[in-house]
4 protein chains.
Amino acid sequence: MIRFENDYAEGAHPRILERLMETNEVQTPGYGTDDYCESARNLIMEACGDPTADVHFLVGGTQTNTTIIASILRPHQGVVSAHSGHIATHETGAIEATGHKILPLPSSDGKIDAEQIRGVYEEHWNDATHEHVVQPALVYISNPTEFGTLYSKSELEALRSVCLECGFTLMIDGARLGYGLAAEGNDLSLADIAKLCDVFYIGGTKIGALFGEAVVITNPALKKDFRYMIKQRGGLLAKGRILGIQFETLFTDGLYLELSKHAIDAAMTIRNAFESNGFEFKYQSKTNQQFPILHNEQIELLSKKYSFHKWETVNESESVVRFCTSWSTKAEHVEALVEDIEKLALQKSK
Amino acid sequence: MIRFENDYAEGAHPRILERLMETNEVQTPGYGTDDYCESARNLIMEACGDPTADVHFLVGGTQTNTTIIASILRPHQGVVSAHSGHIATHETGAIEATGHKILPLPSSDGKIDAEQIRGVYEEHWNDATHEHVVQPALVYISNPTEFGTLYSKSELEALRSVCLECGFTLMIDGARLGYGLAAEGNDLSLADIAKLCDVFYIGGTKIGALFGEAVVITNPALKKDFRYMIKQRGGLLAKGRILGIQFETLFTDGLYLELSKHAIDAAMTIRNAFESNGFEFKYQSKTNQQFPILHNEQIELLSKKYSFHKWETVNESESVVRFCTSWSTKAEHVEALVEDIEKLALQKSK
Amino acid sequence: MIRFENDYAEGAHPRILERLMETNEVQTPGYGTDDYCESARNLIMEACGDPTADVHFLVGGTQTNTTIIASILRPHQGVVSAHSGHIATHETGAIEATGHKILPLPSSDGKIDAEQIRGVYEEHWNDATHEHVVQPALVYISNPTEFGTLYSKSELEALRSVCLECGFTLMIDGARLGYGLAAEGNDLSLADIAKLCDVFYIGGTKIGALFGEAVVITNPALKKDFRYMIKQRGGLLAKGRILGIQFETLFTDGLYLELSKHAIDAAMTIRNAFESNGFEFKYQSKTNQQFPILHNEQIELLSKKYSFHKWETVNESESVVRFCTSWSTKAEHVEALVEDIEKLALQKSK
Amino acid sequence: MIRFENDYAEGAHPRILERLMETNEVQTPGYGTDDYCESARNLIMEACGDPTADVHFLVGGTQTNTTIIASILRPHQGVVSAHSGHIATHETGAIEATGHKILPLPSSDGKIDAEQIRGVYEEHWNDATHEHVVQPALVYISNPTEFGTLYSKSELEALRSVCLECGFTLMIDGARLGYGLAAEGNDLSLADIAKLCDVFYIGGTKIGALFGEAVVITNPALKKDFRYMIKQRGGLLAKGRILGIQFETLFTDGLYLELSKHAIDAAMTIRNAFESNGFEFKYQSKTNQQFPILHNEQIELLSKKYSFHKWETVNESESVVRFCTSWSTKAEHVEALVEDIEKLALQKSK
């Protein structure tokens, strides 16, 4: 079985394992106060072009989202998100478990826009009984989104601007951030992202690390006591060095972007194969997740050899599926898939 | 600087890193549904002598404690703990953050006993206004305790018995469980522990793993939906295989106990050095944490070469310190320390 | 200003105030353990035809909803509600503040149906990754709904039946329950309601009391420790007798239904005035809330003399408004309004 | 049975019931936005000598404590309290249910002092691993305390001063505030209290009202969005007017202090009777709660005619009991008790 079902099917990039080997016997203090973490923090600050940013390392995405959001909101405040946002769908109510409502916005492509945010603001504050309603205070976006789509620089600037006007904090879930940075047509640099939001994170789990997410806090008002929050929410790894070593490796010699680019190339090859054989896509993704629409028999055929995600039903005979590439996707797997896509197309045409 | 300050100063046992290397390119499904986890679960069930137990892998101790406790208690219920219990002291209020009060009991050695538990029960239910008071429902003990002390089999049986009578659930925090199992004089096997409590966990972070805690649920009433709880509380590692591989390795060929024994031997050597040179101890620990009482000048002297924990003040001139050994403590470090202890004693006698 | 803006604009029915006067100097124990509460509980059990029900008195609706819901759900579980349900809209995230997600269902009239519930069940349990999603466990409906609409007996039976099949608990928010019971065409008795759900409450605040909601728990599995939950959530009134006296009065000589009927008669008079003058309604309500569609100038005109709620915008020139009657609506106020409606219609026809 | 068991055994002061009668048919908007509340707020601001204070009305004490505390603290912060503080003992973990740990301090008389607070501060910030420990941020005191004792002006000034130095917020639970203000030897005025803490509340439930607590927020930093918090925590009474009417009445013509004085006089008469007959007291209370030490047979004898609280066991033959007077304690009941105390003493002397 060849797995295109997600981007966390393998271990870690070999350079990371090597570094774990090399450093294994070095003794360090715990909880992220070691030199590897210090070095990784510096590399990330540099990559973000913000020498004043606070950088923290956590283990996983759900943990990171809850820690950031719980740290920012007062009890009566909520977080605005696309209805398809990861926090709104696939975190078993982790945000609500911290006491906060998610205020979902409709979205056809996983993105939300400045106008919607302004609408949320106006609806709340124009309501004479707004004290009976959860107060919007934080805007959550993911980039790339859960559908592989990307925010442009101008879109993010518009969101930033409306958040400033409304007094909202803006956070970016970057669980797949590298795959966005490396995508064709992307016009957002890491430095842009650091400047245009209050807090974001750089996903390691899905891009070459065994696990790990690097939180970057650029808004000084959000920096205070964040380590208490990490500890309380179970994210302060005793052997924090393991996170430091991983991110140090990823941010040395451009490895993070190199790995991201690898996944994008594989995804584009697969996308082109579907496209040139007449398949349509549910979402226009330039990143490592591709959502072609297939006939159910085609899905059945491919399922014999590949694992991938059945995403949603289109009609009785067709469904959207997701093919996911990653930093470690093998060329021969992509080639095999491309061949099989072509075969599907031939069968279709018969 | 030679570190005896904790038992998580190094990476992982080489056999674990090797296995991570070997398996690195194998593709697996995520979230603990892979074969390595399955195998590790089986090995642990076997080691516990309970083929019906549920075994789950989480990342760290605070996360594990909150997940277990939040899973068990209804909102008006609290968890009984020694006032020195880890959940009561060093988890930044993680339990309270799940909505539950910790009901602390006095303890001079980190342990609580059956009589105290019965007292909690009676005090609550004899109170005519008990509905105004948090209802005790769960008993938390750590074994070894935070002071390195151990429960005997008869003590644990007595706790089990009183919990059954009172309708309380009994959980054991085994973050350092191996160090208890391997200690001289210990009469509790893993199978005893599995039988005598409702849920416990086997610490990996402090005993040879990069990280990881294995939760063993033996009481069927507590098994339902535990994976939802892990996910909600941020503990469901995407690449769950990494936990599976680590625990599979630790529970193959007796590695877990072998590593534990290594730490105990080192600790006993250090203990004997202190003892035979006339030092007293705050706690009577047979495990990997040792708590000698030193003069402040002695502490200063040792601090130049060793890192260790200043635990608590005895009086103006003396303090309790903690020396911690681990699965990876080096013989030459122990020898150096023993020599320096002897030098201290000589200076004292002058 | 004549107020039709809500059903809590006045104090309490005079009989209640009289009883408070009469009993004022009697000394009672606190927290609902007095004889008035006992008597009220018995009257309500009798009215519900369930001598085994548990009856508890709380102060307000938000408090009652949170207490019931927090008492029932485990942390990873959520409550299904119409998107327009009071808990989903106007309680400042009180449910989320107890840690639970509300799973909203679309509804055009404030009601949800058995098929939707089955859909929720299937969607959850057919999802291979359902552990990443909040588990539905409780169904919340309000009757009358926030739009004044009512469940029929057969609709409620269908909901009950699907909840039993799915293992869901069914609760009814009866903040305006009397106005439903007294409505024309209603075929649900208090005994039916008690039999067809697991827990519900009988609103006092909006029907003759100064304040107060009577929770009726019929499912034995939900009865345990409910008083702890009331206390923890701030709802255990020290002078609980005040709640007992009020509900005793409301459930003596049919006062509760008599007051409800009074509001319904007033509402129907107003409805008929709108209807016979050609106004349309947004919701087909037979209860004390009426939602006619008015031109904005008509709204402006009526606003000079009456207070009522601007509910929602229809288009640039028209809006839905809400007129609310209550147990204490004065005949002369209704007559005045009817006259003014007729005047509006005349102006319109000019 | 004559009740001295608490100070909420009767209804309300007749003037309050009269006002409820008089105003019963007046229509008002809901949720505390009516003129009665406005008037009551003004009277309280005036009594506090702070025209900029925010005044809010809630229903009960537990609700008020949780709302204030949850409004102030960030998730990783805790509230310091005497171990005997009401929030730490008799609120079913309501504070923990908002996610916050209570940091208890030892106290022999229900009070805590500035030195203890400084100790909490230093212990936390001198701990190198303070991020693993709940951060103290708020100091809760009750005045009078749960044992009837009072803070002097200089003690409160010292607390205020240390809180300012440490960056802690200071709140006062004034559930029995009037009984403190009216006590002999008290040197704190309402204006002093308003000036010396950040937020406090004036208890109505125990001093003449049917129910109700008036929160006074003097620190501008704590004022923002407090009404959202009240609503979320279930304390925003629909018919808020009932709270306004009650506090307006209590703060007109000095009724609040007059009622408080009544209780104090009765308590002092009872105290003197015990004292002059040779009984000792557990706590030196000048307020409405008295804690004499009685022989168990004496307790049994008195229990036939009076209800009062068995507070705590002294030894096999003696216990502390609590006699509570209130705004409504009847002279004849006090006289009867005094006679019976004298009889007890005679029997003892035989």
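Observations on the structure shown:
- Of all residues in region D:23-44, those being farther than 24 Å from D:Arg233 by Cα and either within 21 Å of the chain's Cα centre (by Cα) or crowded, with 24+ Cβ neighbours inside 10 Å (or both) number 1.
- When residues in region D:126-143 are screened for being surrounded by fewer than 23 Cβ atoms within 10 Å (Cβ to Cβ) and more than 14 Å from chain B (Cβ to nearest Cβ), 0 of them pass.
- In region C:13-25, residue farthest from C:Ile270 (Cα to Cα) [restricted to those that are part of a loop (DSSP other than H, G, I, E, B) and facing chain D (nearest Cβ under 7 Å)]: C:Glu25
- Unique match (being aromatic (Phe, Trp, Tyr) and in contact with a His (Cβ under 6 Å, 6 or more places away or on another chain)) among C:Trp311, C:Trp327: C:Trp327
- Hey, C:Glu146 part of a loop (DSSP other than H, G, I, E, B) and buried (at least 23 other Cβ atoms within 10 Å of the Cβ) or not: no
- Entry remark, region C:73-85: residues being surrounded by fewer than 21 Cβ atoms within 10 Å (Cβ to Cβ) and in contact with a strand residue (DSSP E or B) (Cβ under 7 Å, 6 or more places away or on another chain) number 1 in total.
- Residue match in region A:104-125 (condition: in contact with a Lys or Arg (Cβ under 9 Å, 6 or more places away or on another chain), β-branched (Val, Ile, Thr) and in contact (Cβ under 8 Å) with a residue 24 or more places away in the chain): no
- Answer residue from region C:190-238, given it is hydroxyl-bearing (Ser, Thr, Tyr) and touching a residue at least 40 places away in the same chain (Cβ under 8 Å) and is nearest to the other protein chains (Cβ to nearest Cβ) among those: C:Thr205
- Every residue from region C:149-160 that is open to solvent by 10 Å² or more (accessible area, probe 1.4 Å) and in a helix (DSSP H, G or I): C:Lys153, C:Ser154, C:Glu155, C:Glu157, C:Ala158, C:Arg160
Okay, residues lined up against (1) in contact with a Pro (Cβ under 8 Å, 6 or more places away or on another chain); (2) more than 15 Å from A:Met1 (Cα to Cα); (3) assigned by TED's automatic domain parsing to the domain that holds A:Ile264:
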residue	(1), (2), (3)
A:Lys310	no, yes, yes
A:Thr313	no, yes, yes
A:Glu318	no, yes, yes
A:Phe323	yes, no, yes
A:Ser326	no, yes, yes
A:Glu332	no, no, yes
A:Leu337	no, no, yes
A:Asp340	no, no, yes
A:Leu344	no, yes, yes
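- Some residue of region D:140-149 being without any contact (Cβ under 8 Å) to a residue 40 or more places away in the chain and either of a type in the set (Gly, Ala, Ser) or more than 30 Å from A:Ile230 (Cα to Cα) (or both): no
- Evaluation of B:Glu332 against (1) open to solvent by 80 Å² or more (accessible area, probe 1.4 Å); (2) under 30 Å from B:Ala209 (Cα atoms); (3) in contact (Cβ under 8 Å) with a residue 24 or more places away in the chain (one fails), failing number: (3)
- The set of residues in region B:269-299 being farther than 20 Å from B:Asn6 by Cα, assigned to a helix (DSSP H, G or I) and in contact with a helix residue (DSSP H, G or I) (Cβ under 6 Å, 6 or more places away or on another chain) is empty.
- Of all residues making up region C:56-72, the number that are open to solvent by less than 10 Å² (accessible area, probe 1.4 Å) and part of a loop (DSSP other than H, G, I, E, B): 1
Rundown of residues vs (1) touching a strand residue (DSSP E or B) at 6+ places or on another chain (Cβ under 8 Å); (2) open to solvent by 30 Å² or more (accessible area, probe 1.4 Å), yes/no style:
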| position | (1), (2) |
| --- | --- |
| D:Val216 | yes, no |
| D:Met229 | no, no |
| D:Lys239 | no, no |
| D:Phe247 | yes, no |
| D:Ala266 | no, no |
| D:Leu302 | yes, no |
| D:Trp311 | yes, yes |
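- Number of positions in region D:86-98 that are out of contact with any His (no Cβ under 6 Å at 6 or more places or on another chain) and open to solvent by 10 Å² or more (accessible area, probe 1.4 Å): 5
- Hey, A:Ser107 more than 14 Å from chain B (Cβ to nearest Cβ), of a type outside the set (A, V, I, L, M, F, W, C), assigned to a loop (DSSP other than H, G, I, E, B) and open to solvent by 10 Å² or more (accessible area, probe 1.4 Å) or not: yes
- The single condition among (1) touching a helix residue (DSSP H, G or I) at 6+ places or on another chain (Cβ under 7 Å); (2) on the phi > 0 side of the Ramachandran plot that A:Thr325 does not satisfy is (2).
- Any hit, region B:30-42, residues being more than 9 Å from every other protein chain (Cβ to nearest Cβ), in a loop (DSSP other than H, G, I, E, B) and of a type in the set (A, V, I, L, M): no
The values are calculated or read from the model by the stated rules, or taken from the named source; none is laboratory data. Only a predicted model underlies this, so the values are computations on that prediction, with no experimental measurement involved. All Cβ positions, glycine included, derive from the backbone under ideal geometry; neighbour counts span all protein chains shown. Keep in mind that these areas ignore ligands, DNA and RNA; they rest on the heavy atoms of the full protein, side chains included. Shrake-Rupley method; radii C 1.70, N 1.55, O 1.52, S 1.80 Å.
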